[in-house]
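Some notes on the structure that comes next.
The values are calculated or read from the model by the stated rules, or taken from the named source; none is laboratory data. Treat the numbers as computed from the prediction; the structure is a model and nothing was measured. No Cβ is skipped: glycine too gets one built from the backbone with ideal geometry, and neighbour counts run over all protein chains shown.
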Amino acid sequence: MSQYPVHFNFPGRLVMIGFGSIGQGVVPLILRHIALPPERITIVSADEMGKKEALEYGIKHIVQPLTQENYRQVLEPMLGRGDFLLNLSVDVSSLALIKLAHEKGAMYLDTCIEPWPGGYTDSNISPSLRSNYALREQALELRAQLKGGPTAVITHGANPGLVSHFVKQALLNLAADTSVDAGNPQSREAWAALAARLGVKVIHIAERDTQVANTPKKANEFVNTWSVDGFVSEGCQPAELGWGTHEKELPPQGRHHEFGRQSAIYLMQPGAGTRVRTWTPKAGHFHGFLITHGESISISDYLSHREGDKVVYRPTVHYSYHPCDDAVLSVHEFAGRNWRMQDHKRILNQEILPGGIDELGVLLAGHQKNAYWYGSQLSIDEARQLVPHNTATSLQVCVAALSGMIWAMENPERGMVEPDEMDFRRNLEICMPYLGPVVGAYSDWTPLFDRNRLFDEGLDKSDPWQFKNVIV
Ligand code: NAD
């Protein structure tokens, strides 16, 4: 008997697209928690990365970069009713794959909505259309066309993904700690009403990665603890945030979109060039990058509370990401090159020294108890002990991809779903054993803390949680 619970006995085939840091980290979890023999798994990726490991598991590994022209021809023979398409690649259109999986009757999961190459950075299209807001609107349009069908989970990694479940748990914890009767919210409207009642003005996805490698970043090299290509492309998209109803003024660089649900705005500058103030329990207060992410838009939309047609409450939601220190240096160098990639890239794994952690959680603020952070403080040491081929960063993503797959298999006919629409308890139950310490912590920190020390910063002291006070 295995010491690990097998959550689902999967009779179909699994096709994985991409086998980089996340693909390699998730395979041991899939083999551990889903009854699925390796002979029924095929990996399609653009390079030889991880091929040796795949073959050691007995998994077929095909090097075949997918393009708009060839993806159907390559994937069609591998997919049929009841199979699963797991997309962990960069540069392959999520929407094209979702459509194909739907036609074939296969389930689907990705951890980010990817466009075909250039979709994030093509300056011939407007910044508004290069945003995650636009990609999400396209996905929701496709959902309306597909009308149900096999479950396709979109954007279910750590963030986007797991953090949507953290938000719900944090809302319940906050309600309990402030004597608000939360009941048992079962619908979007009920969650939005609860967030409104608690008076949560902002939600930061607050992350501080302290992992350090034994070989420091070299000049002309981009170093990160997960996909360099993924980070660079999302960092080049406009900064984006869910835009709360308490906000008094649009930042000077801020723009509204001219289409869609209007839950978010974008800034006329790249996320990797935009810093915001935030707080996590171990790091304290720090500056993070306001990198655009799907959850900023989906959570703010999900928690929009309406009276009639009018949105009367919505929180401001955004990412504040302090990647590992060598990645911060890499971003600095990248910005200095006017956002042209360095010639060399390195994803850290084996060379990470013991001791670092990836502190990733949600900071709910502006309420009666000021600020509450809820999330994972997984260390590199614990991650390595728990699952081979992983770092603290990758494991938080991989276990969420696993829980999303299991939830899809348990709910195979739900059509396209976002993390906010899934059962947060079931997902957290599967993820918890792999997240290290999961803690909730209150703080009296606000973005006004220790400000105006050297210069008058033009702060809005009447409401600490105005975005004006948060942006650097
Ligand atoms: P990586 O750079 O390590 O690997 C990318 C993989 O994609 C490689 O195996 C590469 O061969 C493959 N690939 C590239 N072009 C391809 C093509 N044309 N056809 C087929 N395969 C192709 O990336 P990663 O760190 O494993 O990340 C994978 C994905 O997961 C990215 O989209 C990233 O943004 C996303 N991600 C999401 C989260 C989250 O928390 N939601 C976190 C980390 C990564």
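Among the residues of the stretch 131-174, write down those that are assigned to a loop (DSSP other than H, G, I, E, B) and either aromatic (F, W, Y) or within 17 Å of L402 (Cα to Cα) (or both).
Taking the stretch 131-174 first, the residues assigned to a loop (DSSP other than H, G, I, E, B) are 131, 147-151, 154-156, 158-160.
If the condition is that a residue be assigned to a loop (DSSP other than H, G, I, E, B) and either aromatic (F, W, Y) or within 17 Å of L402 (Cα to Cα) (or both), then T151, I154, T155, H156, A158, N159, P160 are the ones that fit.
Looking only at residues that are within 11 Å of the ligand (Cβ to nearest atom) and among the hydrophobic types (A, V, I, L, M, F, W, C) in the stretch 51-67, which one is nearest to L29 (Cα to Cα)? Quick ask: steps written out before the conclusion?
Residues of the stretch 51-67 within 11 Å of the ligand (Cβ to nearest atom): 51, 54, 61-67.
Filter once more, so that each one left must be among the hydrophobic types (A, V, I, L, M, F, W, C): 54, 62-63, 66.
On the way: A54: 13, I62: 21, V63: 23, L66: 25 Å.
So, considering only residues that are within 11 Å of the ligand (Cβ to nearest atom) and among the hydrophobic types (A, V, I, L, M, F, W, C), the one nearest to L29 (Cα to Cα) is A54.
Examine the stretch 54-69 for a residue that is closer than 18 Å to Q138 by Cβ and surrounded by 16 or more Cβ atoms within 10 Å (Cβ to Cβ), and state whether such a residue exists. Even if it seems obvious, please write down each step before you answer.
To start, the set of residues in the stretch 54-69 that are closer than 18 Å to Q138 by Cβ comprises 68.
Now drop any that are not surrounded by 16 or more Cβ atoms within 10 Å (Cβ to Cβ), which leaves none.
There is no residue in the stretch 54-69 that is closer than 18 Å to Q138 by Cβ and surrounded by 16 or more Cβ atoms within 10 Å (Cβ to Cβ).
Inspect the stretch 167-182 for any residue being in contact (Cβ under 8 Å) with a residue 12 or more places away in the chain and in contact with a Ser or Thr (Cβ under 9 Å, 6 or more places away or on another chain) and give the result as yes or no.
Taking every residue of the stretch 167-182 in turn, none turns out to be in contact (Cβ under 8 Å) with a residue 12 or more places away in the chain and in contact with a Ser or Thr (Cβ under 9 Å, 6 or more places away or on another chain).
Consider N349 against the criteria (1) farther than 19 Å from F10 by Cβ; (2) modelled with pLDDT of 95 or more: it satisfies all of them except one. Which criterion is unmet?
Only one criterion in (1) farther than 19 Å from F10 by Cβ; (2) modelled with pLDDT of 95 or more is unmet by N349, namely (2).
Starting from the stretch 204-217, keep only residues that are of a type in the set (F, W, Y), then list their pairs with residues that are at pLDDT below 95 and buried (at least 24 other Cβ atoms within 10 Å of the Cβ) whose Cβ atoms are within a distance under 7 Å, requiring at least 6 positions of separation or different chains.
So the pair list comes out empty.
Quick grid of which residues meet (1) at pLDDT 95 or above; (2) surrounded by 15 or more Cβ atoms within 10 Å (Cβ to Cβ); (3) within 16 Å of the ligand (Cβ to nearest atom):
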site	(1), (2), (3)
T391	yes, yes, yes
L448	yes, yes, no
N452	yes, no, no
D463	yes, yes, no
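Taking G273 and the conditions (1) surrounded by fewer than 24 Cβ atoms within 10 Å (Cβ to Cβ); (2) touching a strand residue (DSSP E or B) at 6+ places or on another chain (Cβ under 9 Å); (3) more than 18 Å from G230 (Cβ to Cβ), which numbered condition does it fall short on, given that it satisfies the others?
The one condition G273 does not meet is (3).
What do you reckon, is G23 more than 15 Å from the ligand (Cβ to nearest atom) and either outside any helix (DSSP H, G or I) or out of contact with any Phe, Trp or Tyr (no Cβ under 9 Å at 6 or more places or on another chain) (or both)?
no
Kindly list the number of the only condition in (1) in contact with a Ser or Thr (Cβ under 8 Å, 6 or more places away or on another chain); (2) surrounded by 18 or more Cβ atoms within 10 Å (Cβ to Cβ); (3) aliphatic (A, V, I, L, M) that fails for L378.
Of everything listed in (1) in contact with a Ser or Thr (Cβ under 8 Å, 6 or more places away or on another chain); (2) surrounded by 18 or more Cβ atoms within 10 Å (Cβ to Cβ); (3) aliphatic (A, V, I, L, M), L378 misses just condition (1).
Check the stretch 101-108 and report whether any residue there is assigned to a loop (DSSP other than H, G, I, E, B), within 14 Å of the ligand (Cβ to nearest atom) and either closer than 20 Å to L402 by Cα or in contact with a Pro (Cβ under 9 Å, 6 or more places away or on another chain) (or both).
no
Picking from T121, T151, which residue would you name as being under 27 Å from L360 (Cβ atoms), surrounded by 20 or more Cβ atoms within 10 Å (Cβ to Cβ) and of a type in the set (S, T, N, Q)?
Result: T151 is the single residue among T121, T151 that is under 27 Å from L360 (Cβ atoms), surrounded by 20 or more Cβ atoms within 10 Å (Cβ to Cβ) and of a type in the set (S, T, N, Q).
Out of all the residues in the stretch 209-231, which are part of a loop (DSSP other than H, G, I, E, B) and not basic (K, R)?
T210, Q211, V212, N214, T215, P216, A219, N220, T225, W226, S227 - these are the residues of the stretch 209-231 that are part of a loop (DSSP other than H, G, I, E, B) and not basic (K, R).
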